[in-house]
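Data first, discussion second: the structure below is written as structure tokens.
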Amino acid sequence: MNIIWGVILTIISSFGYFGQAITASWPGTATKLGLTEPEADVDPTFYADVRGEAFWDTAILWTLPVAGVLLVLNSPVWVYFGLVGGGMYLYFAGRGIVVRRLMQRRGIRIGTPETLKVAYIFLILWGLAAVITIVMAIAAMHLP
């Protein structure tokens, strides 16, 4: 079970990490790949928020893919990366959903309905992966 979840976790979380790294480093490529909306199609505030978030996420989101790799390798250290990375991805997913919902309600241009649907699906997927990983990590700690 740990190996299977480790592989799934590595793949799912790597999409998040590398997507943010591409968005931070090569915004034009991110737009061509459908990772972000074209700058002209969204509100400037939303575009700046997405870019700033991408820079910060590139610095911190590497922890969950590492947890997945360590889980596959059966390293006991995966637990710590799983807790930290899981917390970061849970925050990342929650913030992404809440900010987009609030901006939508205020009429701020944040993307087409199709791309927002995809964003929400991935944010929910990352949030669920984070919760599952945190629960597994706590269970693996064999607390009294």
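The values are calculated or read from the model by the stated rules, or taken from the named source; none is laboratory data. From a predicted model like this one, the values you see are computed outputs, not experimental measurements. Quick reminder, even Gly has a Cβ in these numbers, built from the backbone with ideal geometry, and neighbours come from all protein chains shown. The protein model used for the area step is the full one, side chains on, heavy atoms only, and it has no ligands, DNA or RNA in it. Shrake-Rupley method; radii C 1.70, N 1.55, O 1.52, S 1.80 Å.
Each row is one residue, and each column tells you yes or no for (1) farther than 24 Å from residue 37 by Cβ; (2) touching a strand residue (DSSP E or B) at 6+ places or on another chain (Cβ under 6 Å); (3) assigned to a helix (DSSP H, G or I).
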residue: 101; (1), (2), (3): no, no, yes
residue: 108; (1), (2), (3): no, no, no
residue: 125; (1), (2), (3): no, no, yes
residue: 131; (1), (2), (3): yes, no, yes
residue: 142; (1), (2), (3): yes, no, no
Assess whether residue 57 counts as being surrounded by fewer than 20 Cβ atoms within 10 Å (Cβ to Cβ), part of a helix (DSSP H, G or I) and charged (D, E, K, R).
no
Taking region 24-41 and the residues there that are part of a helix (DSSP H, G or I) and open to solvent by 80 Å² or more (accessible area, probe 1.4 Å), the one that is modelled with the highest pLDDT would be 32
Can you confirm whether region 78-87 contains a residue that is out of contact with any helix residue (DSSP H, G or I) (no Cβ under 6 Å at 6 or more places or on another chain), hydroxyl-bearing (Ser, Thr, Tyr) and at pLDDT 95 or above?
yes
Condition check for residue 5: assigned to a helix (DSSP H, G or I) and more than 12 Å from the chain's Cα centre (by Cα)
yes
How about region 131-144: which of its residues are surrounded by 14 or more Cβ atoms within 10 Å (Cβ to Cβ) and more than 23 Å from residue 98 (Cα to Cα)?
136, 137, 138, 140
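Table: residues versus (1) in contact with a Lys or Arg (Cβ under 8 Å, 6 or more places away or on another chain); (2) under 18 Å from residue 84 (Cα atoms).
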site	(1), (2)
14	no, yes
19	no, no
27	yes, no
30	no, no
35	no, no
40	no, no
54	no, no
63	no, yes
Scanning region 8-38 residue by residue, those in contact (Cβ under 8 Å) with a residue 24 or more places away in the chain and over 16 Å from the mean Cα position of the chain (by Cα) turn out to be 25, 27, 37
How many of the residues in region 98-130 are among the aliphatic types (A, V, I, L, M), closer than 29 Å to residue 44 by Cα and open to solvent by less than 50 Å² (accessible area, probe 1.4 Å)?
6
All but one of (1) in contact (Cβ under 8 Å) with a residue 60 or more places away in the chain; (2) open to solvent by less than 30 Å² (accessible area, probe 1.4 Å) hold for residue 45; which doesn't?
(2)
